[in-house]
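Readers should treat all values here as calculations from the given coordinates under stated rules, not as data from a laboratory. Please read these numbers as outputs of a predicted model, since none were measured by experiment. Quick reminder, even Gly has a Cβ in these numbers, built from the backbone with ideal geometry, and neighbours come from all protein chains shown.
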Amino acid sequence: MTLPPDIEFLEDVRLFIYRPRGLLDEASVSRAVNTLTDLEAMLNEPFNRFSDTSAIDRVELNYQYVIQISLCRVLSYADRLPVKSAILATDPTVGHYFQLHAIITQESPINVRIFQQRKDAAKWLDVALERLNDNSARAIEENAKPNGSVTNDR
């Protein structure tokens, strides 16, 4: 399965990682949720999730959409084993959207927690901090322009 550039799956630690960059909108979230749903269907064992929102600079979402997606996730994952979903949200605006997701998923097997520090998320997920940093430096290098600016073509 080919994953979108802002998503990776670490098989050895069974971790789905979503790293949106630039604009967070319905298209980006839908792509991530569709990929997550496809992986859940393919794999027999549950796996945890990590969303790194630190590279988001704009949000074009509304609360109705977040509620809809969250309720769909609760219903589609209702009869499965528990998983952890750690969200790194250093920006309060971005954090509000994910906090709504956390509230809606409270009584489901999807245990969502929001963190402001990457190290705290790594500890909760029981993975090495470096595993949550894997592509950060490479992504910046790959997108660097000769004049030193960074673009996001994802």
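Taking Thr90 as the residue in question, decide whether it is out of contact with any strand residue (DSSP E or B) (no Cβ under 8 Å at 6 or more places or on another chain), assigned to a loop (DSSP other than H, G, I, E, B) and over 26 Å from Gln117 (Cβ atoms).
Values: out of contact with any strand residue (DSSP E or B) (no Cβ under 8 Å at 6 or more places or on another chain): yes; assigned to a loop (DSSP other than H, G, I, E, B): yes; over 26 Å from Gln117 (Cβ atoms): no.
Answer is no for this residue.
Of all strands (runs of 3 or more DSSP E) completely enclosed by region 1-70, which ones contain at least 3 residues that are over 21 Å from Asn111 (Cβ atoms)?
Numbers: elements: 7-10, 15-18, 22-25, 48-52, 56-60.
Correct list: 22-25, 56-60.
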Quiz item: Is it the case that Ser51 is out of contact with any Pro (no Cβ under 9 Å at 6 or more places or on another chain), surrounded by 12 or more Cβ atoms within 10 Å (Cβ to Cβ) and under 21 Å from Asp25 (Cα atoms)?
Solution: no
Quiz item: Does region 31-47 include one or more residues that are of a type outside the set (Gly, Ala, Ser) and under 14 Å from Tyr97 (Cα atoms)?
Solution: no
Quiz prompt | Residue under evaluation Val59, criteria (1) surrounded by 15 or more Cβ atoms within 10 Å (Cβ to Cβ); (2) farther than 18 Å from Asp6 by Cβ, criterion not met | solution = (2)
